[in-house]
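*Asks:* A single structure is presented below for examination.
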Number of protein chains: 2
Amino acid sequence: MQILDGRKTSNDLKEEIALEVLSIKKAGNKTPHLAAIIVGNDGASQTYVASKVKACKRVGFQSTLVELPENITEKKLLQEIDILNNNNAIDGFIVQLPLPKHINEQKVLMLVNPDKDVDGFHPTNVGRMVLDLPCFLPATPFGILELLERYNIKTSGKNVVVLGRSHIVGRPMSILMSQKRNAGNATVTVCHSRTKNLKEFTLSADIIIAAIGIPEFLKANMVKEGVVVIDVGITRVDDATKKKGYRLAGDVDYVHVSKKAAFITPVPGGVGPMTIAMLLKNTLLAFQRKN
Amino acid sequence: MQILDGRKTSNDLKEEIALEVLSIKKAGNKTPHLAAIIVGNDGASQTYVASKVKACKRVGFQSTLVELPENITEKKLLQEIDILNNNNAIDGFIVQLPLPKHINEQKVLMLVNPDKDVDGFHPTNVGRMVLDLPCFLPATPFGILELLERYNIKTSGKNVVVLGRSHIVGRPMSILMSQKRNAGNATVTVCHSRTKNLKEFTLSADIIIAAIGIPEFLKANMVKEGVVVIDVGITRVDDATKKKGYRLAGDVDYVHVSKKAAFITPVPGGVGPMTIAMLLKNTLLAFQRKN
C-alpha cells in the first residue's frame, strides 16, 4: 500500500508555481493577483480564506482580501463582484461559500466574470469543461487528477466508481475521468443515494473516488484487493480522546480499506491540501491567459 | 417486447405544442419564431433544415431560413449570428452543422446568445444543464428523456449504460439520467472506445443508450432479458436489395436484440423524430421565458 501524499504533492506544486512567479518577476512583469471575498464571521470560512491568502504569499502572488459584513445586501455584494470583475489588476477571485441566507448564492456566482472565475463554479466554465474547451477546472477534481498523474496511476480503460454526484466534486470528477486526457479515458460509473447494490459497483472498481460526506462509509468488504482509493470526505466526528473533542474522518474506513488498497489518500493530508494548490494553479493560468 | 414509438410520441408532442400556440394566438400574442442558418448546399443538411421548417409550420410557429453561400467568410457569418441575437422578433435559432471547413464551428456556436440557443450547444447552456439550472437541453437527450417518461419507464436506481461520450448525445445523456429528475436518479456508466470488458457492463444494464455510430454494434449476447434499449445511431449501410441502394441502420442489432428487450426504439422512427419535436419544445420555452 502506498499513500497518495497530498501534502507533499501540494508542496511540490507550490514550489513549481513559486519558480514560475520568480521568472515572471524577472521578466519585469507584475505578479499574479488573487482576490477573495468573504462575507460575515463564520469561523471555518475565515480559516479557509486565511489559508488561501497564506498560500498566495508563499508562492509570491499578490492577494487581496475583501471582508464584508454579515448583513450586507445582495445588491451591494453584487456591486463588489462587479468591482473585481472590472479591476484589471486582479487576475482571478473567489467568493468564499457559504454566503448568508438572505443572499442568492447562485446569482452571486453567475455574476463572476468566467475569465476570473478561478473556482470554476460559473456555468460557462462548467460547460467549457464538459465540452473540453479551455476553462478553469474546479479545484478539488483538478487536484485529484493532478495527484493521480503525479503518482503515475493508470486510468485509461480502468473501472472508476465515483460515489456522489455533487456539483463541485462528484459530477465534474466523473466527467473529467471519462474524457480523453491524462488521468482520463476511464469507464466511469456515478453512484449516489438512489443506487441499488452499491457493493457490486465498488467491488468491481479499480479506482474509487468517495465524495458523499458520510464518515467511514466505504468499508473493506466493499473494495477489491489492489484498489486505488481517493477520499474526498472530511467530517468532524466526536472523539473524547482528542484534545479538541473531535477528529477528522473521511468517507473511507481508512484503517481497514488501506490494507487492501494499492494506493490511498489519507484524511487529512490527501485531497484537501491539493485543493488550495490547484486554486493557485488556476490563478496562474488566469494570469497567463490574460497576458 | 414493446416498441418505443418515436414517431407517434413526436406527433403527440407536436399536437400539444400546436394547442399551446393556438392559445398564445387567442391571447393576442405573436407566435414563437424559430430561425435557422444554413451555409452551403450539403444535401443532408438541406433535408434536415427543411424538415425543421416544416415542423415549425405544422405547430404554427413562425420560421425564418437564412441561407448563406458556401464561401461566406467567418466574419460575415458571425455578423449574421449577431443580427439574429439582436432581432427581438426571433425567439430562438439554430446553426445547421457541419459548417464549411474554413469556418471555426466552436467560435460560431460561442457567439449564439445562450437565451436563444435552442440547440443547447452553447457552453453556458451545457454548464447550466450540469448544475441543474434552467437551460435548453440538447434536443436528442431531451427527446430520449421524454420518450422514457411517456412510456413510464422507471429509471430511479436502475443501471444505465451509455455507449459513447459525444458532446451532443452520450455525455449529456449520462449526466441527465444520473440527476434528480423524472427519467433520472439512475446509476449511470459511460462506456467508450477505451472501455475494457464492455460486455460485462452491457450485460448488467437495465437500460442501454447506444450512441456510437457503429451499425448494429450491440448484439443480443451483450444484453440481458428485459433490457430497455434506446438506439441513437443512424448510419447508411449499403444494401443492394433496396431501391436507394442503402438502408438505415442503428447501433443495435435490432432483429436479435428486440427479442430479449422489454422496450426498444426502432431505427428509423425512434429517437430521430423526437429530436425535431424537442427543438420545437425548446423554441416554445425560449418564447415563454422571454414573455
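*Asks:* Residues of region B:63-74 being surrounded by 15 or more Cβ atoms within 10 Å (Cβ to Cβ) and under 25 Å from B:Phe287 (Cα atoms), which ones?
*Replies:* B:Ser63, B:Thr64, B:Leu65, B:Val66
*Asks:* Turning to a different aspect of this structure: List every residue pair whose Cβ atoms lie under 7 Å apart, where the two residues are 6 or more positions apart in sequence or sit on different chains, the first residue falls within region A:180-197 and is more than 17 Å from B:Ser193 (Cβ to Cβ) and facing chain B (nearest Cβ under 8 Å), and the second residue, located anywhere, is hydroxyl-bearing (Ser, Thr, Tyr) and assigned to a loop (DSSP other than H, G, I, E, B).
*Replies:* A:Arg194/B:Ser156
*Asks:* Only one of (1) surrounded by fewer than 21 Cβ atoms within 10 Å (Cβ to Cβ); (2) more than 23 Å from the chain's Cα centre (by Cα); (3) in a helix (DSSP H, G or I) is not met by A:Leu77, so which one is it?
*Replies:* (1)
*Asks:* On to the next question. Could you go through region A:254-268 and let me know if any residue there is modelled with pLDDT of 95 or more, surrounded by 13 or more Cβ atoms within 10 Å (Cβ to Cβ) and on the phi > 0 side of the Ramachandran plot.
*Replies:* No.
*Asks:* Could you tell me whether region A:134-144 includes any residue that is touching a Leu at 6+ places or on another chain (Cβ under 6 Å) and of a type in the set (Ser, Thr, Tyr)? Step through it out loud before you land on a result.
*Replies:* We begin by selecting, within region A:134-144, every residue touching a Leu at 6+ places or on another chain (Cβ under 6 Å); these are A:139, A:141.
If we keep only those that are of a type in the set (Ser, Thr, Tyr) as well, we get none.
No.
*Asks:* Could you go through region B:106-116 and let me know if any residue there is among the basic types (Lys, Arg) and free of Cβ contacts under 8 Å to residues at least 12 places away in the same chain. First the steps, then the outcome.
*Replies:* Restricting attention to region B:106-116, the residues satisfying the condition of being among the basic types (Lys, Arg) are B:107, B:116.
Going one step further and asking which of them are free of Cβ contacts under 8 Å to residues at least 12 places away in the same chain, we end up with none.
Looking through region B:106-116, none of the residues is among the basic types (Lys, Arg) and free of Cβ contacts under 8 Å to residues at least 12 places away in the same chain.
*Asks:* Mind listing just one residue for me: the one in region A:149-172 that is more than 8 Å from every other protein chain (Cβ to nearest Cβ) and without any contact (Cβ under 8 Å) to a residue 40 or more places away in the chain and, of those, farthest from B:Gly127 (Cα to Cα)?
*Replies:* A:Asn152
*Asks:* Scanning for something within 11 Å of chain B (Cβ to nearest Cβ), in contact with a strand residue (DSSP E or B) (Cβ under 8 Å, 6 or more places away or on another chain) and part of a loop (DSSP other than H, G, I, E, B), does region A:85-103 turn up at least one residue? Give the steps one after another, and end with the answer.
*Replies:* Here is the first cut: in region A:85-103, the ones within 11 Å of chain B (Cβ to nearest Cβ) are none.
No: zero hits.
*Asks:* On the basis of being aliphatic (A, V, I, L, M), surrounded by fewer than 22 Cβ atoms within 10 Å (Cβ to Cβ) and either more than 28 Å from A:Phe136 (Cα to Cα) or in contact with an Asp or Glu (Cβ under 7 Å, 6 or more places away or on another chain) (or both), does B:Ile83 make the cut?
*Replies:* Working: aliphatic (A, V, I, L, M): yes; surrounded by fewer than 22 Cβ atoms within 10 Å (Cβ to Cβ): yes; either more than 28 Å from A:Phe136 (Cα to Cα) or in contact with an Asp or Glu (Cβ under 7 Å, 6 or more places away or on another chain) (or both): yes.
For B:Ile83, the condition - aliphatic (A, V, I, L, M), surrounded by fewer than 22 Cβ atoms within 10 Å (Cβ to Cβ) and either more than 28 Å from A:Phe136 (Cα to Cα) or in contact with an Asp or Glu (Cβ under 7 Å, 6 or more places away or on another chain) (or both) - is met.
*Asks:* Right, here's the next one. For the list (1) closer than 30 Å to B:Met222 by Cβ; (2) in contact with a helix residue (DSSP H, G or I) (Cβ under 6 Å, 6 or more places away or on another chain); (3) surrounded by fewer than 22 Cβ atoms within 10 Å (Cβ to Cβ), I need the number of the one condition that B:Val160 fails.
*Replies:* (3)
*Asks:* Also: Every residue in region B:25-46 that is in a helix (DSSP H, G or I) and touching a residue at least 12 places away in the same chain (Cβ under 8 Å), please.
*Replies:* Taking region B:25-46 as the starting set, the residues that turn out to be in a helix (DSSP H, G or I) are B:25-26, B:43-46.
Of everything in region B:25-46, those that are in a helix (DSSP H, G or I) and touching a residue at least 12 places away in the same chain (Cβ under 8 Å) turn out to be B:Lys25, B:Ser45.
*Asks:* Further question: Hey, any hits in region A:215-230 for a residue that's under 18 Å from the mean Cα position of the chain (by Cα) and of a type outside the set (Ser, Thr, Tyr)?
*Replies:* In the first step, residues of region A:215-230 are kept if they are under 18 Å from the mean Cα position of the chain (by Cα); the result is A:229-230.
Pick out the ones that are also of a type outside the set (Ser, Thr, Tyr) and you get A:229-230.
The answer is yes; a qualifying residue exists.
*Asks:* Among the numbered conditions (1) buried (at least 20 other Cβ atoms within 10 Å of the Cβ); (2) assigned to a loop (DSSP other than H, G, I, E, B); (3) within 11 Å of chain B (Cβ to nearest Cβ); (4) in contact with a Pro (Cβ under 7 Å, 6 or more places away or on another chain), tell me where A:Cys135 comes up short.
*Replies:* Tallying (1) buried (at least 20 other Cβ atoms within 10 Å of the Cβ); (2) assigned to a loop (DSSP other than H, G, I, E, B); (3) within 11 Å of chain B (Cβ to nearest Cβ); (4) in contact with a Pro (Cβ under 7 Å, 6 or more places away or on another chain), A:Cys135 fails exactly one: (4).
*Asks:* Tally time: how many residues in region A:115-130 are within 9 Å of chain B (Cβ to nearest Cβ) and in contact with a helix residue (DSSP H, G or I) (Cβ under 6 Å, 6 or more places away or on another chain)? It would help to see each step written out before you state the result.
*Replies:* Going residue by residue through region A:115-130, those that are within 9 Å of chain B (Cβ to nearest Cβ) are A:121-130.
Subset that is in contact with a helix residue (DSSP H, G or I) (Cβ under 6 Å, 6 or more places away or on another chain): A:121-128, A:130.
Summing the residues that are within 9 Å of chain B (Cβ to nearest Cβ) and in contact with a helix residue (DSSP H, G or I) (Cβ under 6 Å, 6 or more places away or on another chain) in region A:115-130 gives 9.
The values are calculated or read from the model by the stated rules, or taken from the named source; none is laboratory data. Note that the structure is predicted; figures quoted are calculated from it, not measured. Note that we place each Cβ from the backbone using ideal geometry, even for glycine, and neighbour counts take in every protein chain shown.
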